[in-house]
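Data first, discussion second: the structure below is written as structure tokens.
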Amino acid sequence: MEVQKTFELRQKPAVVWEAFNDVRLVAECLPGASIVEERGNDQYKGRFAVKVGPLAASFDGDVAIERDPAKLTGIVSGKGADAKSGSRASGKLTYRLEPTESGTLVDVVCEINLAGALAQFGKAAVIKEIANRLTAEFVKSFE
């Protein structure tokens with residue numbers, strides 16, 4: 001499933017780029033996300049807790065980040081599993097920063113793959129609603 005989001009931040013692209021490179025800061029701004037361990041070379045062990053319908057899941061897994069400072073783009077790839085429900089998730093999030101008159105436009109495309117119990121509740125409309133909520137909370141926290 002693919003989810004696309006676009007939002008604007010009031011800071012200039014250089015400031016946003018620098019902040020996006022601080023993985024712990026980004027995780028603190030994203031509800032349910034945390035960095036458990038830094039493994040070097042932009043590899044991390046992370047955790048992401050989310051509620052989908054009646055199911056609450058806490059995914060433990062691996063995260064890898066690639067950045068292209070010349071294009072102001074990045075790719076965050078991850079996969080994890082929820083021990084309680086047996087659900088698994090994997091995905092790739094690509095972001096691009098563009099300057100605007102008042103700050104930075106952030107374009108995000110996220111490819112999400114769900115398996116297990118969570119996949120039964122994670123229909124497209126539900127996932128998009130969760131993405132809307134998480135994006136709004138991220139922007140508020142980041143600002």
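Observations
- Rounded to the nearest Hz, the phi-derived 3J(HN,Hα) couplings of segment 100-105 under the Karplus curve 6.51 cos²θ - 1.76 cosθ + 1.60 (θ = phi - 60°) are 10, 4, 10, x, 9, 8, where x marks glycine and proline.
- For the chain, the longest site-free run once trypsin sites (Lys or Arg not before Pro) in DSSP loop states with at most 11 other Cβ atoms within 10 Å are removed: 1-70
- Relative counts (whole %) of C-alpha pair distances in segment 66-143, using bins that are 5 Å wide: 3, 12, 17, 22, 19, 12, 8, 4, 2, 0
- Measuring nothing but protein heavy atoms, the accessible surface of segment 74-143 at 1.4 Å probe radius is 57 percent carbon and sulfur.
- Largest GNM mean-square fluctuation across V16, V63, V126, computed for the chain with C-alpha springs under 10 Å, falls on V126.
- Cα pair distances in the chain, grouped into 5 Å bins until the bin that holds the longest one, percent each: 2, 9, 19, 24, 21, 14, 7, 3, 1, 0
- Proportion of all alpha-carbon pairs of segment 9-67 beyond 17 Å (%): 47
- For the chain, the solvent-accessible area with a 1.4 angstrom probe is 58 square angstrom per residue.
- Considering only L118, L72, L97, the mean-square fluctuation computed in a Gaussian network model of the chain, springs between alpha carbons under 10 angstrom, is largest for L72.
- Applied to segment 11-20, the Karplus parametrisation 6.51 cos²θ - 1.76 cosθ + 1.60 on θ = phi - 60° returns per-residue 3J(HN,Hα) values of 8, 5, x, 4, 5, 5, 4, 4, 5, 5 Hz, with x for Gly and Pro.
The values are calculated or read from the model by the stated rules, or taken from the named source; none is laboratory data. Please read these numbers as outputs of a predicted model, since none were measured by experiment. Don't worry about glycine lacking a Cβ; one is built from the backbone with ideal geometry, like all the others, and counts go over all protein chains shown. SASA here: full protein model, heavy atoms, side chains in, ligands and nucleic acids out. Shrake-Rupley method; radii C 1.70, N 1.55, O 1.52, S 1.80 Å.
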